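Below is one structure, written out as structure tokens, with a few remarks after it.
The values are calculated or read from the model by the stated rules, or taken from the named source; none is laboratory data. Only a predicted model underlies this, so the values are computations on that prediction, with no experimental measurement involved. Here Cβ is always computed from backbone atoms with ideal geometry, including for glycine, and neighbour counts include all displayed protein chains.
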Amino acid sequence: MSRSVLVTGGNRGIGLAIARAFAEAGDKVAFTYRSGEPPAALLDLGCLPVKCDITDSEQVEQAYKEIEEKQGAVEVLVANAGVTRDQLLLRMSEEDFTSVLDTNLTGTFRVVKRASKGMLRARKGRIVLISSVVGLLGAAGQANYAASKAGLVGFARSIARELGSRSITCNVVAPGFVDTDMTRVLTDEQREAITKQVPLARYAQPEEIAASVRFLASDEAAYITGAVIPVDGGLGMGH
Ligand code: NDP
């Protein structure tokens, strides 16, 4: 059955792979982008590009209105959009901290809150939040990012409790290091040091994250909620 899916930050990286996976499986997929041109790879699959910055509630509201009009109320939401602004604590400005929180955590709150309206009405829905292994392990230079990603776990589990009786699930996927623009800024030495710590001894491809997200949104995962699914090559084992 074709569902109405929304992927935030779907114009590149992990979000693009997630949007593509749902579209190739026959779902109606809307994805947000902030600037530039939406990718041909998704337009060719019939996906709906929606311009939206998730730090702006008004833009989020407009995006949902457009999606509801063009492909129906969102039944599957993947809150993927995220940023880093790495800095050691003593050098981290308050703006470095609050801007990352505003995108990764409050931005997720904005899109989940708006999606829940339609899901509550429909008495069903799937919400998947993209966190990170760093949210559980911590990382030097990423106090802002790690706090935002850890925050998503408490947020998801509260939503899972609030909305569960209406057959709405809310789960978290916690990727390890994935080969995208976000990690391409690392030096070769940094990449090598990270790879040494990963039991599977490599980075993930975005498609490997998308597969878990699709599973959590499938009928087979109907009884999974409030879970944190690591897709990290074993890096975060033990949490
Ligand atoms: P990219 O940097 O490649 O892409 C980030 C995406 O988020 C882009 O589409 C970007 O849009 C979007 N975005 C950022 N800020 C906003 C905003 N304010 N409003 C709307 N969209 C926004 O990152 P990845 O694909 O690697 O990461 C995707 C998610 O996965 C993130 O949440 C990230 O934290 C998480 N993650 C990534 C890991 C990795 O190793 N790559 C590991 C663990 C988690 P635009 O193109 O307009 O900037």
Notebook entry, point to check: Within region 183-218, can you find the residues that are among the aliphatic types (A, V, I, L, M) and within 16 Å of the chain's Cα centre (by Cα)?
Noted result: 204, 209, 210, 211, 213, 216, 217
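Residue by residue, here is whether (1) assigned to a helix (DSSP H, G or I); (2) touching a residue at least 60 places away in the same chain (Cβ under 8 Å); (3) under 16 Å from residue 132 (Cβ atoms); (4) more than 16 Å from the ligand (Cβ to nearest atom) holds:
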{"residue": "154", "(1), (2), (3), (4)": "yes, no, yes, yes"}
{"residue": "161", "(1), (2), (3), (4)": "yes, yes, no, yes"}
{"residue": "169", "(1), (2), (3), (4)": "no, no, no, yes"}
{"residue": "201", "(1), (2), (3), (4)": "no, no, no, no"}
{"residue": "207", "(1), (2), (3), (4)": "yes, yes, no, no"}
{"residue": "223", "(1), (2), (3), (4)": "no, no, no, yes"}
{"residue": "226", "(1), (2), (3), (4)": "no, yes, no, yes"}
{"residue": "229", "(1), (2), (3), (4)": "no, no, yes, no"}
Notebook entry, point to check: Restricting region 124-138 to residues that are within 18 Å of residue 87 (Cα to Cα) and touching a helix residue (DSSP H, G or I) at 6+ places or on another chain (Cβ under 6 Å), which is farthest from the ligand (Cβ to nearest atom)?
Noted result: 138
Next item on the list: Taking residue 108 as the residue in question, decide whether it is outside any loop (DSSP other than H, G, I, E, B), under 18 Å from the mean Cα position of the chain (by Cα) and hydroxyl-bearing (Ser, Thr, Tyr).
Entry: yes
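So that you can scan it fast, the table gives a plain yes or no per residue for (1) modelled with pLDDT of 95 or more; (2) in contact with a helix residue (DSSP H, G or I) (Cβ under 7 Å, 6 or more places away or on another chain); (3) not β-branched (Val, Ile, Thr):
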{"position": "153", "(1), (2), (3)": "yes, yes, no"}
{"position": "168", "(1), (2), (3)": "yes, yes, no"}
{"position": "174", "(1), (2), (3)": "yes, yes, yes"}
{"position": "182", "(1), (2), (3)": "no, yes, yes"}
{"position": "209", "(1), (2), (3)": "yes, yes, no"}
{"position": "215", "(1), (2), (3)": "yes, yes, yes"}
{"position": "222", "(1), (2), (3)": "yes, no, yes"}
Next item on the list: Kindly provide the set of residues from region 9-66 that are within 12 Å of the ligand (Cβ to nearest atom), β-branched (Val, Ile, Thr) and part of a strand (DSSP E or B), ordered by number.
Entry: 32, 50
Checklist line | Residue list for region 215-239, restricted to those being in contact with a Gly (Cβ under 9 Å, 6 or more places away or on another chain) and within 16 Å of residue 76 (Cβ to Cβ) | finding: 225
